[in-house]
Each structure stands twice: as C-alpha cells, then as structure tokens.
Amino acid sequence: MELPVKTFRVTRADLVRYAGASGDFNPIHWSDRFATKVGLPGVIAHGMFTMALVGRAVTEWAGDPAAVVEYGVRFTRPVVVPDDEEGTEIEVRAVVRDATEPGLTRLDLTATCHGEKVLAQARATVRGSFTGA
C-alpha cells in the first residue's frame, strides 16, 4: 500500500531558520561561493533538516508523533537550494511493507529532489492502528 505523497518546499530562509535553531552555521548552507569552492553544486540543505522533513511526513501519516517507534536514514545526495523565492521541493513517498510484530508497521520511505533520491535505507516503524491518513 502506497501512502499519499508529501511535498515540502525548502528555501534559503528555511536554511537560515534551521541554522539558528540547530547552531549549524556551516557556510555550505548559506554561501554559494564557499559551497562551490569545496566542490558542491551550490548551497545545500542541512542533512538533518532533510531528515526532519521526512520525519514530519511520517508523523503526519501516522497521525501522532508518539506513534513513531523507530526512524532511520542514510544520506546519499545533497539537496541544493537555489537563491530565489521558490527554492526547491522534496517529495516524500512511503510504502507500507509489513507488520514487524503485533501492532507495529514498517514503512519504506523515499525522498527525492528533482527526481533524484536524497536518502537511502530510509525506514520508519509506527505503532498502533496505522491508517496512513
């Protein structure tokens, strides 16, 4: 069973807010000049911010943040965020895989930006009467 796609827009303003909240002011998250100097295609979103957006999708599908028992990902590709008003989009998809034990359901997650996977081995386990809403 596939769950409804969740789409999140990410702008440079989001990166500034996340940097303030997390204390991660690495210039690869705000300076095109620095990001390209170190070999990146441009400013990139914080990996943990990307992971948090996918986590938000999981809690929305589960209907309760407390229902999330386990959640993990591996970072595979940076999310490049252009310096404009539109930013970029991250699409999050989930497939309900199986019950890992009574009352628990595993979700296989896919996060993409411009059609390319940005996370690998993304999975979550949710508790209770998972409805996918």
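Would you mind ranking 43, 95 by Cβ crowding within 10 Å, fewest neighbours first?
If I rank by nearby Cβ atoms, fewest first, I get 95, 43.
Fully extended, how many nm does the chain gain between residue 59 and residue 25 (0.36 nm per residue separation, minus their Cα-Cα distance)?
The span from residue 59 to residue 25 would gain 9.5 nm if fully extended.
When a/c reaches 1.5 or more, the comparison of a/b and b/c decides; with that in mind, is the stretch 6-127 rounded, prolate or oblate per its Cα gyration tensor? Walk me through the intermediate numbers first.
Values: a/c = 2.42, a/b = 2.13, b/c = 1.14.
Here the stretch 6-127 falls in the prolate category.
By count of other Cβ within 10 Å, fewest leading, how are 48, 1 ordered?
Ranked by crowding around the Cβ, least crowded first: 1, 48.
Roughly how far apart, in whole Å, are the Cα centres of the stretch 98-123 and the stretch 16-74?
A separation of 17 Å, based on Cα centres.
Bear in mind these aren't lab numbers, they're just calculated from the coordinates by the rules spelled out. Keep in mind that what you see is a predicted model, and the values were worked out from it rather than measured. Ideal geometry is used to build each Cβ from the backbone, glycine not excepted, and the neighbour counts take in all protein chains shown.
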